[in-house]
Amino acid sequence: IARMLGSPAAPPDGCRVLELGCGEGHQTRHLSQLASTTYGLDVSEKAVERARVRLPQAHFAATDIFGQPWSGEVQRFDLVTACEVLYYVKDIDATIARMSQLGRHCFVTFFAPALRRVGPHLDAIPELRKDWIGHGGTVWLACWWKNG
């Protein structure tokens with residue numbers, strides 16, 4: 001992800017990352033090391049409350065990508081992530097389209113058993129890049145693309 005944003009050592013000035021499905025902010029903490037400003041969305045108000053305590057310098061909202069309150073500007077964020085989230089959403093195509101509208105770069109992961117549900121929606125993305133990652137007996141597909 002750091003290479004996608006331009007620097008493995010330090011975040012570029014003004015870099016903004018939006019995380020879908022931020023939960024209680026555990027992964028948001030790691031993403032905040034790659035960005036000047038970090039934003040997180042989750043549909044659970046309780047999880048968002050905990051994320052705000054864990055990472056008070058980040059911005060959080062209890063909503064989905066369609067209700068995000070930080071503006072509808074095209075490519076407002078340098079990176080939009082959805083790790084282990086897409087198989088939960090009702091309209092995967094609309095979510096991917098909104099991610100692509102909001103972010104200059106997008107990154108998603110999902111575990112291998114969700115490939116049938118999620119994979120076909122991602123395969124339609126021009127210049128999609130992907131790679132398998134694993135830990136123990138679990139395997140995930142990581143996918144990323146650049147917009148515009």
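Over all directions, how big on average is the projection of the convex hull of the alpha-carbon atoms in the chain, in square nanometres? Kindly include the intermediate steps, with their values, before the conclusion.
On the way: hull surface 34.9 nm².
Orientation-averaged projected area of the Cα hull: 8.7 nm².
By how many nm would the segment from Glu127 to Tyr87 grow when fully extended, if each residue of separation counts as 0.36 nm and the alpha-carbon distance is taken off?
On the way: separation 40, 0.36 × 40 = 14.40 nm, distance 2.16 nm.
Result for the pair: 12.2 nm of gain on full extension.
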* Sort the range 19-69 into rounded, prolate or oblate with this rule: let a ≥ b ≥ c be the square roots of the eigenvalues of the Cα gyration tensor; rounded if a/c is under 1.5, and if a/c is not under 1.5, prolate when a/b is larger than b/c, oblate otherwise. => oblate
* Along the principal axes of its C-alpha atoms, what lengths does the range 64-148 span, in descending order and rounded to whole Å? -> 40, 24, 22
* Structure fact -> Protection proxy (average C-beta count within 10 Å per residue), highest first, orders 43-55, 77-89 as 77-89, 43-55
* To do: At 1.4 Å probe size, with every protein chain present, just tell me what the per residue accessible area of the chain comes to in Å².
  => 54
* Residue among Ala35, Ala114, Pro126 farthest towards the positive dipole end of the chain, charges placed on Cβ -> Ala35
* Asked: At a 1.4 Å probe radius, carbon and sulfur cover how many percent of the accessible area of the chain?
  -> 51
* **Ellipticity estimate at 222 nm from DSSP helix runs (n ≥ 4, -39,500 (n - 2.57)) divided over the chain, nearest 500** => -7000 deg cm²/dmol
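The values are calculated or read from the model by the stated rules, or taken from the named source; none is laboratory data. These figures come from a predicted structure and were not determined experimentally. Note that each Cβ is placed from the backbone with ideal geometry, even for glycine, and that neighbours are counted across all protein chains shown. These accessible areas exclude ligands, DNA and RNA; they are computed on the full protein's heavy atoms, side chains included. Shrake-Rupley method; radii C 1.70, N 1.55, O 1.52, S 1.80 Å.
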